[in-house]
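Derivation of every value follows stated rules applied to the coordinates shown; laboratory data play no part. All values derive from a computational prediction rather than experimental measurement.
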Amino acid sequence: MNTVAVQEKKVNADEKGEEKKVKCVVWDLDNTIWDGVLLEDENVVLRDGVVDIIKELDQRGMLQSIASKNEYDLAMGKLKEMGLDEYFLYPQINWNSKSISIKTIAQSINIGIDSLAFIDDQSFELEEVAFTHKDVLCLRAQELEKILNLPQMNPKFITEDSKIRRLMYQSDIERKKIEENYEGPQEEFLSTLNMVFTISPVGDGDLQRAEELTVRTHQLNTTGYTYSYEDLDAFRKSEKHKLLISSLDDKYGTYGKIGLCLVECESEFWVLKLLLMSCRVMSRGVGTVMLNHIMSLAKKEGKRLRAEFVSNDRNRMMYVTFKFAGFKEIDQVGDMVILENDLEHVQAFPEYLEVKIIE
Amino acid sequence: MEEIKGKIKVFLSRFFRKHELGDDENIFELGFVNSLFAMQLIMFLEKEFSIRVENKDMDLNNFKTINSTVSFIESKMNLVEAK
């Protein structure tokens with residue numbers, strides 16, 4: 001019966017069009033991950049199938065966390081014993097309301113609260129979260145078996161980057177701890193990371209990740225244009241376009257493929273249609289490096305460089321990036337601003353990282 | 001005016017620690033200025049002096065030296081008072 005119901009639901013969702021995809025699943029513990037209440041019974045056992053769901057979500061590149069009213073050390077100890085502790089980022093195990101825990105998780109990971117799902121067995125908790133955060137997908141733990149089939153839980157593509165997403169976030173947590181304790185100036189800290197920033201043309205194997213980046217990235221995104229796999233494949237092969245992807249590595253590991261850039265080459269000038277960077281690299285200054293790379297390419301070819309910018313409520317930083325790189329507004333078409341740079345001054349790459357350019 | 005200048009100097013010294021900035025020294029010529037620095041500068045000025053840096057204000061000339069930043073802030077603050 002259940003599977004039939006799920007399938008029907010899925011069809012309906014598909015008919016309605018794209019559902020907002022979940023990026024992070026937040027779990028309750030008592031009677032959700034395990035049967036029983038830990039404070040009453042230290043020998044609680046895992047619920048059937050829960051480990052498979054957690055591992056499958058992890059494979060799909062979805063992050064997971066915890067919002068549980070419990071004793072932190074006791075609950076983390078139990079998760080460790082079960083071999084599950086490493087799957088959860090920023091677990092909120094405390095006596096706060098769950099709406100506060102949910103908000104803390106979204107802020108710590110730095111993703112929109114509307115990309116979270118929350119699983120709990122108690123209607124009270126689900127309603128409390130739903131009341132405060134209307135856009136969080138709230139799911140009953142009693143219907144655990146349906147979760148993997150929900151369209152919101154099925155990313156369109158599972159890329160190399162999605163499979164290691166949790167590990168990349170975990171290295172970020174490590175880096176942040178060290179950064180917070182570092183006393184010197186920021187650039188000095190950055191140079192201790194031994195960063196290597198690589199810019200290359202989008203290859204065959206990058207197309208899914210490139211599409212994923214256009215869909216997932218909002219904050220560090222100059223226009224928010226989304227392109228399909230087929231669009232991107234066409235740009236990649238087009239003589240009139242440059243489609244570049246970038247990746248970042250440092251001594252803690254890889255950040256993966258984190259940046260994308262599309263340039264349309266006209267005879268007189270080039271137009272930067274899209275420049276985006278994952279917000280995980282926000283404090284690394286690499287958006288400016290990518291922009292400087294495009295600027296010097298255009299300068300070398302003797303073209304002027306224009307850039308489109310479409311404001312959303314979160315991407316002001318990209319406007320600032322353009323202006324501080326010497327771009328000036330020359331036109332406005334609807335909600336799109338066109339900027340131009342005379343390319344008189346192009347900054348050199350910073351000394352705190354190594355830039356590799358693959359032609 | 002001296003108070004504004006003092007606050008800006010303290011903020012900038014966090015980024016240009018190896019070098020004592022002169023009041024008319026162009027910070028963009030000193031080396032690499034990234035967008036994070038730019039954003040932090042804008043946010044600092046907005047919060048510290050209760051002003052709003054509009055898109056049209058985001059011109060390198062407004063921020064290239066300590067003195068130009070001070071004049072920019074003063075002009076914004078006068079606007080606020082005039083209202």
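Within segment A:78-216, how many Lys pairs that are eight or more residues apart, or on different chains, come under 27 Å at the alpha-carbon? Counting lysine pairs in segment A:78-216 gives 28. Using only Cα positions of chain A, each an equal point scatterer, no hydration layer, compute I(q)/I(0) via Debye at q = 0.08, 0.09 Å⁻¹ and quote the log10 values to two decimals. Once normalised to I(0) and log-transformed, intensities are -0.46, -0.58. Compactness check for segment B:2-82: Cα Rg over 2.2 N^0.38 Å is 1.04. Using the empirical formula 2.2 N^0.38 Å as the baseline, the Cα radius of gyration of segment A:2-153 reaches a ratio of 1.00.
Over the Cα atoms of segment A:160-357, what is the Rg over Rh ratio if Rh follows Kirkwood?
Details: Rg = 16.6 Å, Rh = 17.4 Å.
Result: Rg/Rh = 0.96.
Contact order for chain A, expressed relative to its length and based on alpha carbon pairs under 8 Å spaced 6+ residues apart, stands at 14 percent. Cross-link partners for residue B:64 among the aspartates and glutamates, with Cα-Cα distance under 12 Å and sequence neighbours closer than 8 places in the same chain left out: B:23, B:24, B:25, B:29. The alpha carbon centroids of segment A:211-247 and segment A:250-297 are separated by 11 Å. In order along segment A:213-229, the phi-based Karplus estimate (6.51 cos²θ - 1.76 cosθ + 1.60, θ = phi - 60°) of 3J(HN,Hα) comes to 4, 5, 7, 8, 9, 10, 6, 9, 9, 6, 10, x, 4, 10, 10, 7, 3 Hz; Gly and Pro are listed as x. In angstrom, the C-alpha Rg and Dmax of segment A:111-222 are 19.0, 51.
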